[in-house]
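The values are calculated or read from the model by the stated rules, or taken from the named source; none is laboratory data. Here the structure is a predicted model, which is why all the values come from computation and not from measurement. In this analysis, Cβ positions are derived from the backbone assuming ideal geometry, glycine residues included, and neighbour counts consider all displayed protein chains. Accessible surface is based on the protein model in full, side chains and every heavy atom, while ligands, DNA and RNA are left aside. Shrake-Rupley method; radii C 1.70, N 1.55, O 1.52, S 1.80 Å.
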Amino acid sequence: MSTVSPVQTSSDSYNEVPYPGAAFRNTHPCHLGMIAHLLNLHPTTPQRCRVLELGCSMGANLIPMAVGLPNSEFVGVDFAEKQIEVAQKSVDALGLQNVRVETKSILDIDDSFGTFDYIICHGVYSWVAPDVQEKILQIGAENLSENGIMCVSYNTYPGWHFRGVVREMMRYHTENIASPAQKVIQARGLMKFLEDHSRSKLEAYTTLLKEEAEMLAKSDNSYLYHEHLEEVNEPLYFHQFVKRVDQAGLRYLADAAFQTMIAQQFDDEAAEILRNAPLLRREQYMDFLRNRMFRSSLICHQSQSPNYNVDATNLLGLHVGLRNQLRTVSEQGETVVWENASGRMTTEFPLTSIFRRLSNSFPRLTRVDDLLSDTTDNRVRQTALDALLIGFVRGMFTLTLDPPDFALELNEKPKSSTYARFQASSGAAKVTNLMHIDCVLQPQQRFIIEHLDGSRTLDEVAELLHEECSNGRFKVSREGEDLAPDLEELKDICKTEAKRLAHFALFEE
Ligand SMILES: C[S@@+](CC[C@H](N)C(=O)[O-])C[C@H]1O[C@@H](n2cnc3c(N)ncnc32)[C@H](O)[C@@H]1O
């Protein structure tokens, strides 16, 4: 029998309006472990670890992790049995032996679950009653291994004071409606009415409504329902959350969006003031400055001693890659100015060759130790490590701990990622790649991922596609326009698309 708390978002609401979820890269053990490693802790390698996800819904986050890390063990719990049924079907269809999903309340987690190196609780904490919130942190205290990292996300203030205005109006407008589907229709209607007709002397109010209306127009009904129409949604200030973490006998470690902790993201005057503030106050004031709405906090045991003066040598042991491909802005011998969506950086000899290597292997991640293996001069090594750390802080590079590998060069019979293939064959437009990022695919890309299962060549997939097109069962299109390619053209399309998909980390090594 599962326990039900007195004030509760019951499992009924999730059985009626399921929450499909998604892959959240910031909750992946390779990401959590990377942050712990940077801060001088000793996280368990994601390649051999135990992971627990609380409120795992249909497994969209947990299951691709389990596929990518076959030697690790994954446990997911959720009290909505319909969601767990879907998760179980995926586990069975994929034949996974390393993941267990259970219909269970968070309140019922006990010692029998054992300890975990990583505990994930994403999109749950703010939406449950106080006793469940307390239990979530208690699970951290009791079920997290000594070096373990827990990731808990929640809605936060001051940002939610603004978003909460919309929620309160929607709740008032729909309070007498029983059907969730009708509630959503009415809530969307109210938003449109407010956006079209609001009149206020306060310009900020009109802007707020417009921005929220735009955001909600792009959101699906399950998000709108569970975020704005559910009974419980308790945002809290960062400092309040940290106090609860402390009371549970745990320690706040870092933000999952690690770069948000860096004061240099503000102007010089603010950065100077923030830098002089203790860590927790600095983070709180940065939320005030950003009007932050959502946080994903990493937590560890109080016995852990993180070092926040990150030493660039801590990058050794991690993998590094570019967040987006680099472009050369100017090149004079070995002095090169590089640019990507995150900013500019100038390199000179010998850093330039390291950047070139990263650029050539994009989007693959390289072990930092291997990247520097030819560099024997200690001063040069240190300069390179410093540059990589600065690039990471600026968002140019991504760092990760022991990630799953993927293929950039396709062999004769390429094998698409097992999980993405499973999603594509279920007709999903969005698939999760081997870097745990969701990608939206065109129909012909889906077809290629579905059929490149390691048993066919690209030409054989093109022949299959040709057959489907000839029978009128499939249409190849580009930018919304239907094409009628012959077999040779389809072979070219398959080659080009497969190459592009390999760059989305969608093929196994
Ligand atoms: C908003 S959804 C988030 C799902 C997923 N973690 C994500 O972020 O996409 C909240 C999930 O927590 C589950 N949940 C809420 N209260 C729970 C409880 N007491 N025990 C177990 N699961 C719970 C719900 O069924 C739902 O799947």
**OP:** Please sort by residue number the chymotrypsin sites (Phe, Trp or Tyr not before Pro) in the stretch 279-378 whose DSSP state is loop and whose Cβ has at most 11 other Cβ atoms within 10 Å.
**Re:** TYR308
Subject >> Cleavage-rule hits (GluC sites (Glu not before Pro)) in the stretch 130-211: DSSP loop, at most 10 neighbouring Cβ within 10 angstrom >> reply: GLU175
Original post:
From the backbone phi of the stretch 22-38, what are the Karplus-calculated ³J(HN,Hα) couplings (6.51 cos²θ - 1.76 cosθ + 1.60, θ = phi - 60°) in whole Hz, Gly and Pro given as x?
Top reply: 6, 8, 10, 4, 5, 9, 5, x, 5, 7, 5, x, 4, 5, 4, 4, 4
**OP:** Might you report the magnitude of the Cβ-based charge dipole of the chain about its Cα centre, with Lys and Arg at +1 and Asp and Glu at -1, to the nearest 20 debye?
**Re:** 800 debye
Subject >> Contact order relative to length of the stretch 418-502, as percent, for alpha carbon pairs under 8 angstrom and 6 or more apart >> reply: 23 percent
**OP:** Quick one: grab the alpha carbon gyration tensor of the chain, order the square roots of its eigenvalues as a ≥ b ≥ c, and give me rounded if a/c is under 1.5, else prolate or oblate depending on whether a/b is larger than b/c.
**Re:** rounded
Subject >> Relative contact order of the chain, pairs being alpha-carbon contacts under 8 Å that are 6 or more residues apart, as % >> reply: 15 percent
Subject >> Cα coordinate range in the stretch 31-107, projected on the principal axes (Å, largest first) >> reply: 41, 29, 15
Original post:
Roughly speaking, to the nearest percent, how much of the chain's 1.4 Å accessible area is carbon and sulfur?
Top reply: 49 percent
**OP:** Could you list which residues have their amide H under 5 Å from that of LEU322, counting only those 5 or more apart in sequence or on another chain, with H placed in the peptide plane?
**Re:** THR398
**OP:** Using DSSP, restrict attention to beta bridges with both residues in the chain and report what percent are antiparallel, rounded to the nearest 5.
**Re:** 65 percent
Subject >> Distant alpha-carbon pairs in the stretch 418-502 (separation over 21 angstrom), percent >> reply: 24 percent
Original post:
³J(HN,Hα) across the stretch 439-448 via Karplus (A = 6.51, B = -1.76, C = 1.60, θ = phi - 60°), whole Hz, x for Gly/Pro?
Top reply: 10, 8, 10, 6, x, 5, 5, 4, 4, 5
**OP:** Provide the per-residue ³J(HN,Hα) series for the stretch 233-250, in order, calculated from phi with Karplus coefficients 6.51, -1.76, 1.60 and θ = phi - 60°, each as a whole number of Hz, with x at glycine and proline positions.
**Re:** 7, 10, x, 8, 5, 3, 5, 5, 4, 4, 4, 5, 4, 5, 4, 7, x, 10
Original post:
Amide H to amide H, which residues 5 or more places from PHE116 or on other chains are under 5 Å from it, using H placed in the peptide plane?
Top reply: LEU144, SER145
**OP:** Please give the calculated 222 nm ellipticity per residue for the chain, where each DSSP H segment of at least 4 residues contributes -39500 (n - 2.57) and the sum is spread over every residue; nearest 500 deg cm²/dmol?
**Re:** -12500 deg cm²/dmol
**OP:** Would you please name the GluC sites (Glu not before Pro) within the stretch 379-452 that are DSSP coil residues with at most 14 other C-beta atoms within 10 Å of their C-beta?
**Re:** GLU409, GLU412
**OP:** Work through the residues other than GLN138 whose Cβ is under 13 Å from its Cβ and net out their charges, Lys, Arg +1 and Asp, Glu -1.
**Re:** -4
Original post:
Could you name the lysines in cross-link range of LYS89, using Cα to Cα under 18 Å and dropping any fewer than eight places away on the same chain?
Top reply: LYS104
**OP:** Please give the net charge around GLN304, taking every other residue with its beta carbon less than 14 angstrom from that of GLN304, where Lys and Arg add +1 and Asp and Glu add -1.
**Re:** -2
Original post:
Rounded to the nearest 0.05, what FRET efficiency do THR346 and ASN176 have when you use their Cβ-Cβ distance and R0 = 45 Å?
Top reply: 0.10
**OP:** Can you check what the net charge comes to around ASP220, using other residues whose Cβ is under 12 Å from the Cβ of ASP220 (Lys, Arg +1; Asp, Glu -1)?
**Re:** +2
**OP:** Can you figure out the FRET efficiency of ASN98 with GLU331, using R₀ = 56 Å and their beta-carbon distance, to the nearest 0.05?
**Re:** 0.75
Subject >> Accessible area per residue, Å², the chain with all protein chains present, probe 1.4 Å >> reply: 47 Å²
